[in-house]
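Written below as structure tokens is the structure these notes are about.
The values are calculated or read from the model by the stated rules, or taken from the named source; none is laboratory data. The structure presented is a predicted model; accordingly, all values stated were derived computationally and were not measured. Cβ coordinates were reconstructed from backbone atoms using ideal geometry, including for glycine residues, and neighbour counts include every protein chain displayed. Surface accessibility is based on the protein's heavy atoms, side chains included, excluding ligands, DNA and RNA. Shrake-Rupley method; radii C 1.70, N 1.55, O 1.52, S 1.80 Å.
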Amino acid sequence: MGHVSTGKSYINEEPGLKSWFTSLDHKRIAILYFVAVMTFFLIGGIMALLLRLELFSPNTAGSVMEHIPNFLRKAGDTPADLYNQVMTYHGAMMVFMVIVPGIPAIFGNFFLPLQIGAKDVAFPRLNLLSWYVFMAGAALAVSTFFFSKIDTGWTFYTPYSIRSGTSVVMMVVAAFIMGMSSILTGLNFIVTVHKLRAPGMTMWRMPLFCWAIYSTAIIQVLATPILAITLLLLAMERTFGVGIFDPKLGGDPVLFQHFFWFYSHPAVYIMILPAMGIISELITTYSKKTIFGYTAIAYSSIGIAAVSFFVWGHHLFVSGQSEVAGIVFSFLTMLVGVPTAIKMFNWLATLYKGSIEFRAPLLYALGFLFLFAIGGMTGVILAVTAVDVHFHDTYFVVAHFHYVMVGGTLMAIMGGLFHWFPKIFGKMHSETGAIMSWVFIFIGFNVTFFPQFILGAKGMPRRYFDYIPEYEQLNKISTVGSWLIATGFIIALITVIKGLTSGAKAPKNPWGSKTLEWHAESPPIMHNFEQDPIVTAGPYEYK
Ligand code: HEM
Ligand SMILES: [Cu+2]
């Protein structure tokens, strides 16, 4: 505690911007991802606010989309076209450019090597290449905006994606390229875990964050190639008319749904498993207790990764699937609830009788527990085929996945950011600012998305830019909620900037955490540790 560093950290070891874009250091590459992902989150967030603004009132009162300046729209686009485009960009950016890369490429890159006592990841050059590949894909995705945009929804369903007059091929190739980056990062992390652990750091001494990143990496490597093939086939169908998805050419549009969800359902675990890893770290740190059921939580990460490959059919309950297939996929989907519940109960057991410190990271962790529980349980509701017949493609589904993606993953990202801020930047942020951001985001989130469960139960379909007057009141509440969320993120941004510019110098281990990164300087030196760690105990009791 309170050890003074020599001042040469990974941040100021090599001067100049160029040194960042050519750095092979995992911490610097993590920062490159941090800046990129946060920029895309900002754009995706502004689009979300625009969608909610449009949904503030039915179009009898006129459409917000009509106010989008001409230079931002294609000639002849109606408000409905613009809504479809903004919705698609929001969904595709949030999934492929924010949440999928988010925790693995930022916090995984920064802390996996530190937590296992390594100097870096296994393939530093490949790590830097992964960032450039990601940026190339992201640039192509953004550039569709200057061509004919994209309006298919983030799921690119056929046959509409074959017929749509927008830049479908450019966008699916962009997603294909970003998928490549995800595969390379996953590969790097799997080899890092198997080959670079410090002496004595056995697999069963690794922090649970490492287990979560490791399980996620397995899904990244095994599932993402399926998305790659599917998107290439769609590009070929549009370009050459090969007749695989196009019913006019004897193709099967539902086959595309199978292929797409065979990746995209495991992909939702690429998006939530790393978040669960962060939650394990936050709960053990701020309850001052060793995590309850370490082995069970580690196994449940692998268990979730495995079962996640067998449930994709729950997206096709109303796509003409056979009853038997429906029953099987319904059962398997509920099965995922078992390893997930193991985590939830073990986190609660860890908190029980802990010496709880109500710091911002813990509040974000508690927010995760509450919101993810709602997200998870509404997932079980949707897994019941009979119920899904009613709820499919309604706002109940929109609320469900936002409770998981925002209520879960985004809460964990914010908790991880304020937990690791002193270690990453060597500065202390304002706790008040961090807590205020949580208050607005947590309340705003429930005000935005809880009414959507009711709207969905009342039958409001998703992906519509207009609605009947009956839905107006709840939509108004939901839109006001989105302004509260935005306020919370603005407070968080101000807190981060103030911390970076005028925060107090951070000690080595401000929160009394037990994992190895807190044995390194704040911020760490270029190769992480003055002396290579030798581990003689653990997990969470490293000497
Ligand atoms: C932070 C605040 C957010 C707000 C207010 C928000 C709001 C919205 C709205 C209004 C829609 C359109 C619903 C429709 O017309 O069917 C939407 C769709 C969607 N959102 Fe969000 N969103 C937020 C964050 C996120 C995040 C973090 C993700 C991450 C995965 C995400 C993923 C999606 C997806 C995948 C869709 C579906 C798009 C489609 O139908 O093609 N959203 N969101
Ligand atoms: Cu699914």
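What's the FRET efficiency of LEU53 with TYR299 using the Cβ-Cβ distance as r and R₀ = 45 Å, to the nearest 0.05? Here the calculated transfer efficiency is 0.50. Each listed q (0.24 Å⁻¹) maps to a log10 I(q)/I(0) for the stretch 55-144 from the Debye sum over equal C-alpha point scatterers, namely -1.21.
Per residue, the accessible area of the stretch 2-519 comes to 37 Å², computed with a 1.4 Å probe over protein heavy atoms only.
Dividing the convex hull volume of the alpha carbon atoms of the stretch 2-519 by its residue count gives 150 Å³ per residue. 3J(HN,Hα) along the stretch 504-520, derived from phi through the Karplus expression 6.51 cos²θ - 1.76 cosθ + 1.60 where θ = phi - 60°, amounts to 5, 5, 8, x, 4, 9, x, 9, x, 7, 9, 8, 5, 4, 7, 8, 7 Hz, with x in place of Gly and Pro. Overall form of the stretch 169-270: prolate. Here a/c, set by the Cα gyration tensor axes a ≥ b ≥ c, is 1.5 or more, and a/b is the larger of a/b and b/c. Pairs from the table (LYS27/LYS289; LYS343/LYS505; LYS289/LYS427; LYS18/LYS427; LYS18/LYS514) lying more than 30 angstrom apart at Cα are LYS343/LYS505; LYS18/LYS514. Near the amide H of LYS427, within less than 5 Å, lie the amide hydrogens of ALA506, all on another chain or at least 5 residues away, with H placed in the peptide plane.
Note on the chain: helix-only mean residue ellipticity at 222 nm, from DSSP H runs of 4+ residues weighted -39500 (n - 2.57) and normalised by residue number, equals -21000 deg cm²/dmol.
Sort 397-403, 277-283 by the packing proxy (mean of other Cβ within 10 Å over each peptide's residues), most packed first.
By packing density, highest mean first, the sequence is 277-283, 397-403.
Charged neighbours of ALA504, selected by a Cβ distance under 13 Å, balance to +2 (K, R count +1; D, E count -1).
For THR394, the residues whose amide H sits under 5 Å from its own are ARG462, ignoring neighbours fewer than 5 places away on the same chain, with H placed 1.01 Å from N.
Centre-to-centre, using Cα atoms only, the stretch 158-202 and the stretch 72-88 are separated by 29 Å. Within a straight-line Cα-Cα reach of under 17 Å, LYS248 can be paired with the following aspartates and glutamates, leaving aside sequence neighbours fewer than 8 residues apart in one chain: GLU237. Applying a DSSP loop filter and a limit of 10 other Cβ atoms within 10 Å to the chymotrypsin sites (Phe, Trp or Tyr not before Pro) in the stretch 56-97 leaves nothing.
Between helix 294-307 and the chain, what is the angle of the helix's C-alpha long axis to the longest principal axis, kept within 0 to 90° and rounded to the nearest 10? Tilt of helix 294-307: around 30 degrees.
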